[in-house]
1. Give the number of residues within segment A:359-395 that are out of contact with any Leu (no Cβ under 9 Å at 6 or more places or on another chain), within 12 Å of chain B (Cβ to nearest Cβ) and open to solvent by less than 10 Å² (accessible area, probe 1.4 Å).
2. Kindly establish whether C:Ile34 is more than 16 Å from ligand 1 (Cβ to nearest atom) and either open to solvent by 30 Å² or more (accessible area, probe 1.4 Å) or under 22 Å from C:Arg85 (Cβ atoms) (or both).
3. I'd like to check something: does segment A:99-115 contain any residue that is on the phi < 0 side of the Ramachandran plot, open to solvent by 30 Å² or more (accessible area, probe 1.4 Å) and more than 14 Å from chain B (Cβ to nearest Cβ)?
4. Could you check how many residues of segment B:11-63 are open to solvent by less than 50 Å² (accessible area, probe 1.4 Å) and either within 16 Å of ligand 2 (Cβ to nearest atom) or among the aliphatic types (A, V, I, L, M) (or both)?
5. Could you identify the single residue in C:Val276, C:Val227, C:Val257, C:Val271 that is within 16 Å of ligand 1 (Cβ to nearest atom), open to solvent by 10 Å² or more (accessible area, probe 1.4 Å) and of a type outside the set (D, E, K, R)?
6. Filter segment A:398-422 down to residues that are within 23 Å of the chain's Cα centre (by Cα) and within 8 Å of chain C (Cβ to nearest Cβ) and give me whichever is most open to solvent (accessible area, probe 1.4 Å).
7. Could you pull out the residue among C:Thr331, C:Thr357, C:Thr327, C:Thr370 that is closer than 29 Å to C:Glu175 by Cβ, of a type in the set (S, T, N, Q) and open to solvent by 40 Å² or more (accessible area, probe 1.4 Å)?
8. So how many residues does segment B:36-72 have that are within 6 Å of ligand 3 (Cβ to nearest atom) and under 11 Å from the mean Cα position of the chain (by Cα)?
Amino acid sequence: MTEAQVELLVVGAGPAGIAAACTAAESGVQVAVLDDNPDVGGQIWRGEKRSAPSSLAAPWLERAAKASGIQWLTGWAAVGPDGPHALLALPPGGGQLVRVAYQKLVLATGARELFLPVPGWTLPGVFGAGGLQALVKGGWSVAERRIVVAGSGPLLLAVAAYLQQTGADVVLVAEQAPWSKVSRYAMHLLLTQFAKFRQGVRLRRTVRSTPYRVGCWPVRILGREQVEAVIFSDGVRRFQESCDLLACGFGLVPNTELGELLGCQRAAGRLAVDRWQRCSVPHVYAAGEVCGIAGVECALVEGQIAGYHASGNLTAAGRLCRKRDRLRRFAGQLHQAFALRDELRSVPDPHTIVCRCEDVTLGQVREQMSWRAARLQQRCGMGLCQGRICGPALEFLFGWKDRSIRPPLFPVPLGALADEMSPKSDLPSSEKSPSASHSECSTRRLSP
Amino acid sequence: MTESRPGLDQGKESETVTIWVNGRMVRVPAGTVLASALLHLGILYTARSVSGQLRGPLCGMGICFECRATVNGQPLMRTCQLVCHEGLRVEIAQADQEAQA
Amino acid sequence: MAVEAYDLAVAGAGIVGAACAALAAEAGLRVVLIEPADVASGATAAGMGHVLVMDDSPQLLRWTHFCRQLWLELESELPARVEFRRTGTVWLAASGGAMQQVASKAEKLRAHGVDCAVWGAAELREAEPALRADLEGGLYVPDDVVLYPPAAAEYFVNRARWFHARMRFGQSVTELLRGKLRLSDGSTVVAERCLLANGYGVRQLVPWLPLEPRKGHLLITARMTPVVHHQLIELGYHDSVRAPGSHSVAFNVQPRVTGQLLIGSSRQHGVADRDVDWTVVQRMAQRAREFLPSFADQPIIRIWTGLRVAAPDGLPVIGYCDEESRTLVATGHEGLGITAALGTAQFVVNLLLGQPTPLPAEWFAPLRFTGSASFQELHCD
Ligand SMILES: Cc1cc2nc3c(=O)[nH]c(=O)nc-3n(C[C@H](O)[C@H](O)[C@H](O)COP(=O)(O)OP(=O)(O)OC[C@H]3O[C@@H](n4cnc5c(N)ncnc54)[C@H](O)[C@@H]3O)c2cc1C
Ligand SMILES: Cc1cc2nc3c(=O)[nH]c(=O)nc-3n(C[C@H](O)[C@H](O)[C@H](O)COP(=O)(O)OP(=O)(O)OC[C@H]3O[C@@H](n4cnc5c(N)ncnc54)[C@H](O)[C@@H]3O)c2cc1C
Ligand code: FES
């Protein structure tokens, strides 16, 4: 174990983390940003620097590249707190642990997808919607593959459009929310957020050749060794869609685990924060999707508020609060529009695996009365992911909430835990920083 | 302490790196995510579940562990969170690879 | 409304309370089991599940031998989920002169009829090739058992139900009244006698009992091809457990049926918080790596802590804690509550029915502490 010290530690190099780091560093604070991903950019901007960055991403990536005093630690996983002013982190390769001591901490750990158990969902070829997008961004070409995109939320259209642009054959986008709600949301966008409305329309146009069906949801995934077709229901009829790959997600879940280990209070599944993005634990801030799903613009604003406040610039932080509040209100609309329907609770059958790590079925879990009982008696959530996949699903299915979080958040080799603490060392210097200038389009595609 | 941060060292279009998949040499574009590279090689599943089911990547973002493999001797590495670097060695269960070959 | 009256109200559905409820119900008593959380969610969820004979003191040796025997007799009735396996224990001779300790331990155990075998370096190597090569040998105790405590506790709860015991889950006992117990929802339960089997929580209801918490950490690996076959403990275990100062670590690993390896063990005397203490974890990991060098790369997927509850003399606290013989306690098992669950239940039922106890009742009687004020005063190291 080695030890390092920073003034401000940011966990998560997504939009919120980038914004927090830049604003703080520009005020002269010494910052380190730590992210489990090999790339800077979080869920939305990962891989962005390989292609031409979007108009929203470009200035931020540029700013991040220019800001001095930021160390970008990508491929580093925060595994848990060590006292009130330090985190233990596992650098790439996992050979040792580093204790990073901080004066202030920003949790910008973002969100993950919500996966709901559907019979057959464990078949290879079934991905999250954002999951498939990430793997394609990582260099997998899915050109000409027949892909069904299913689940819920605005992410579905974004993913479908992205996949289609890379040459995939998106055969269906299936949204579980009913037309009445989706259209009311579109109307609301048109009236209040014209830019977002236009963005939606543009996405829809991109996937014009693909049917966008609302009010239907997957009830069974077919295939022998990998996915071959998906059966959907609209509540009345069933229909089948053949495909090579399925991209399926039911919305997003905040990654609150690290905050919970630190003792930060949660409210409605997200980290609770005050006006200045402060958590209930002193010196700890949270920004972005970890405080609730509200989109990339809100993540950027919250990151800035946290960064400004942490560096003592209250005026600048204060100026952004109204914008944040407006964006949060808007997010409320989104949640209503894409609220999950009750029918999804009856999709899995007793044999459907709920906990993929330990292969625990719905039937086994249903006998239990609580999360803890399911964990203790059936090993549900006891595997490698620590219940991060089945936890939110069971919360949706049964309303079980008190999932226990235990360190380490990611597996740590025994030897890394055993290593003696060596004298304080500097964090690796950032020889390169995320840069928007690498616009030599998509070097990532693999040649066949 | 020095640190190489593969994700940020992306090279020019022509650059490739050599990785070893179960001892087989494969060249992939520099900067490719390992899980993506394996998928591209047609390896749709890398793990076997506790009850023996075949599993492949699900979340693509380091949460689910379904993309796990032994990388450079270290078991249970999440291949979706690793970028291919020169000489990287990945082992996936032999039987599984044969099935897919 | 007719008030239901019970012969026995048991507070706490850990493995001890659950076993007591099962045996008491089976003996024909009308039993109610009261538990605020889930079955086995206290120390029973945190512990290791090693059922073993310990020879720290002559009393403890007789006690644990008796307790283990009850488990062995129950083996055929336990469902597979309990993961009952006679893995045996190997006490490892790690330091110079340890083989002498092995010999004297063997002698002590044999004198009490406990089967055991002295292994030299070669036998040890053959049985546990993953261990580091320079160990001189060890003591093999074949009839020690490894099981999964939460499933065992649930088995006892189901067994209690089968014999008509009632369950009051979601409630805790907040007050002891005459012939009654007050629960956290304000209601009362009428019971002739009550048994406090609520672990460290006993202190709240019987404050004069000198009970000390001892925090312990455990680490667990991911699943892997099994390479360790017995529960392995370093022979210095006793010493390191009793070492002066508040914090001790010893090598103690357990193979689980899942292929996971459970790695212990630490003791922090008087510490009752549940936070993971990374310096303790570091020492445990070092110890494990010393004994199992090839395990350095094995991923640890989870770390947690639990509280052992100890009395100053190192013996459990089982029996009546009032002059009227209405309230019993069953706690203070330190690191042996899984081992002792059935023995404790047997002991309690014998007391309830006025029968002779398997071991002298005075040994464990809570009243042995009356008049004494605090743990520290009694603690004579
Ligand atoms: C899979 C997915 C795909 C998405 N795709 C789109 C899209 O195409 N278009 C769109 O508009 N929006 C998309 N979104 C929504 C978008 O992510 C958010 O609007 C925005 O990125 C939120 O930014 P953030 O900084 O809060 O979090 P994120 O961008 O999620 O960044 C959080 C970062 O924290 C890191 N992290 C978390 N925990 C730890 C830890 N313990 N140790 C180290 N690092 C950690 C993660 O690796 C991640 O990189 C997507 C979301 C997800 C989950
Ligand atoms: C790290 C560690 C390793 C261990 N390893 C072993 C081992 O290998 N072998 C072994 O034999 N032992 C081992 N032990 C010891 C063993 O776990 C305990 O002795 C045993 O679990 C105690 O069981 P219990 O039922 O007395 O207590 P608990 O399991 O703590 O149960 C007490 C129950 O009472 C409930 N409760 C609390 N307050 C109230 C109230 N007011 N009213 C009603 N109910 C209440 C709680 O919710 C809880 O469910 C270990 C312990 C630790 C910490
Ligand atoms: S695909 Fe989920 S962790 Fe890699």
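The values are calculated or read from the model by the stated rules, or taken from the named source; none is laboratory data. Keep in mind that this is a model prediction, so the values were computed, not measured. No Cβ is skipped: glycine too gets one built from the backbone with ideal geometry, and neighbour counts run over all protein chains shown. Heavy atoms of the whole protein, side chains included, go into the accessibility calculation; ligands, DNA and RNA do not. Shrake-Rupley method; radii C 1.70, N 1.55, O 1.52, S 1.80 Å.
1. Of the residues in that region, 5 qualify.
2. Details: more than 16 Å from ligand 1 (Cβ to nearest atom): yes; either open to solvent by 30 Å² or more (accessible area, probe 1.4 Å) or under 22 Å from C:Arg85 (Cβ atoms) (or both): no.
The answer is no for C:Ile34.
3. yes
4. Number of matching residues: 19.
5. C:Val276
6. Looking at residues that are within 23 Å of the chain's Cα centre (by Cα) and within 8 Å of chain C (Cβ to nearest Cβ), I get A:Arg406.
7. C:Thr370
8. First, the residues of segment B:36-72 that are within 6 Å of ligand 3 (Cβ to nearest atom): B:57-60, B:62-67.
Cutting the leftovers down to under 11 Å from the mean Cα position of the chain (by Cα) gives us B:57, B:67.
Of the residues in that region, 2 qualify.
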